[in-house]
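Heads up: the structure comes next, in structure tokens.
The values are calculated or read from the model by the stated rules, or taken from the named source; none is laboratory data. This one's a predicted model, so the numbers in the text were calculated from it and none came from an experiment. When we count neighbours, we look across all protein chains shown, and the Cβ atoms used for this are built from the backbone with ideal geometry, even at glycine. The accessibility values were calculated without ligands, DNA or RNA, using every heavy atom of the protein model including side chains. Shrake-Rupley method; radii C 1.70, N 1.55, O 1.52, S 1.80 Å.
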Amino acid sequence: MISKKLCMLLAGSLSSLSLMAQPQLKLRLKFNEESNHYEVLATPNFTDEHYTWGPSQVSVVVPSQVADVPISTRSSQAGLWLDQSTVFGPQAAANRDFHGFATLGGKLNLRADEEVLLFDFSFQQGFVEGVRLFDASADPDSRSAGMAGGDFRTYLSSDHGTSRVSEDFSHAELRVTDGAAREAAGVEATIGVVAYPNPVASGKVRLFMKGFDARETVRVQISSMSGILLRQFDEQVSGLAGREVSLPENASTLILITVTRMANNQRFTQKVWTKE
């Protein structure tokens, strides 16, 4: 005779297997340093070469420092994705903005465990710290103060009904090679500079400038590791952050980029690797 405890264990195992067998899409948001875009990616646990995507929504939370306008997207899979629902700095979360990206759907080829890009988007200032997917368990719901009845819960619908969704709510990170630069971009740091992508493949870099006043002017110096100055210019942070900066043609494999706050007598230097 099978014991009651064994029956419970078998039932639990069968239940877990049943959940694992159900079609599911795992969503995550990442920052692509090469393209300077945030990417919304989905990984299925099933294969369907004729998957029909229905009306769906993926919501993203951004810091309130980003301009209060709908975000333009570049759609990749499952139809045209548009920023159709927005709430900026509501009373329930004054330091956050909410964007609901929606699509009417389309057909695509899904293969188990192969990640697909749904859509991507960018900001004028390039990388912005604190961008992530909407978390229904922590973010304000439609009844919260200032949300104006907006429902930002993520749902992905197929022609057979709503698909199961799991989400990674981690903040999109800026991945760079230099450890000191990673530390400067961390949550604990109040101010810092990160050059990305690093290593550089295109001969151009961008600067993430954490904690700087957008109105201040800084000096940028590009030097060799031996200290030879290759290029220097002054520019306001609002125009410098996130834009492409061309490296000198005579730049070696390893260079230094230094940003100086002249009014504050502060200097930030990062090693940057270039690909030949």
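How large, in percent, is the carbon and sulfur part of the accessible surface of the chain at a probe radius of 1.4 Å?
Details: 7240 of 14600 Å².
Exposed carbon and sulfur together represent 50 percent of the surface.
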For the chain, what is the accessible area per residue in Å², given a 1.4 Å probe and the full set of protein chains?
-> 53 Å²
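I need the peptides 203-209, 221-227 ranked by packing, meaning the mean over residues of other C-beta atoms within 10 angstrom, with the highest value on top.
Values: 203-209: 20.4, 221-227: 13.6.
So the peptides 203-209, 221-227, ranked by packing, come out 203-209, 221-227.
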What is the gain in length, in nm to one decimal, between THR47 and THR217 on full extension, counting 0.36 nm per residue of separation less the C-alpha to C-alpha distance?
-> 55.9 nm
So what is the relative contact order of the chain, in percent, for Cα pairs below 8 Å that sit 6 or more residues apart?
-> 17 percent
Take the chain, drop everything but the C-alpha atoms, weight them equally and run the Debye formula without solvent; then report log10 I(q)/I(0) at 0.17 Å⁻¹ to two decimals.
-> -1.26
For the chain, calculated [θ]222 nm from helices alone, where every DSSP H run of n ≥ 4 adds -39500 (n - 2.57) = -3000 deg cm²/dmol
Cβ-derived FRET efficiency at R0 30 Å, LEU80 paired with LYS204, nearest 0.05 = 0.50
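At 0.36 nm per residue, and after removing the present C-alpha to C-alpha distance, how many nm does the segment from GLU34 to GLU249 gain when stretched out fully?
Details: separation 215, 0.36 × 215 = 77.40 nm, distance 1.95 nm.
Result: 75.5 nm gained on full extension.
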With Cα coordinates, the longest principal axis of the chain makes an angle with the long axis of helix 4-21, in degrees rounded to 10, of 60 degrees
List the aspartates and glutamates whose Cα lies under 14 Å from the Cα of LYS107, skipping any in the same chain that are fewer than 8 positions away.
-> ASP48, GLU49, ASP159
Straight-line reach from LYS204: which aspartates and glutamates have Cα under 15 Å away, leaving out those fewer than 8 places along the same chain?
-> GLU33, GLU34, GLU244, GLU249, GLU276
Sorted on mean Cβ neighbours within 10 Å (highest first), peptides 161-171, 39-49 come out as 39-49, 161-171
Binned at 10 Å from 0, what are the whole-percent values of the Cα-Cα distance distribution for the range 101-231, short to long?
-> 8, 27, 29, 22, 11, 4, 0
Sorting HIS37, HIS99 by accessible area (1.4 Å probe), largest first, what list results?
-> HIS37, HIS99
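How big is the convex hull of the Cα atoms of the range 224-267, per residue, in Å³? Show your work: numbers first, answer last.
Details: hull volume 4.2 nm³, N = 44.
In the range 224-267, the Cα convex hull volume per residue is 95 Å³.
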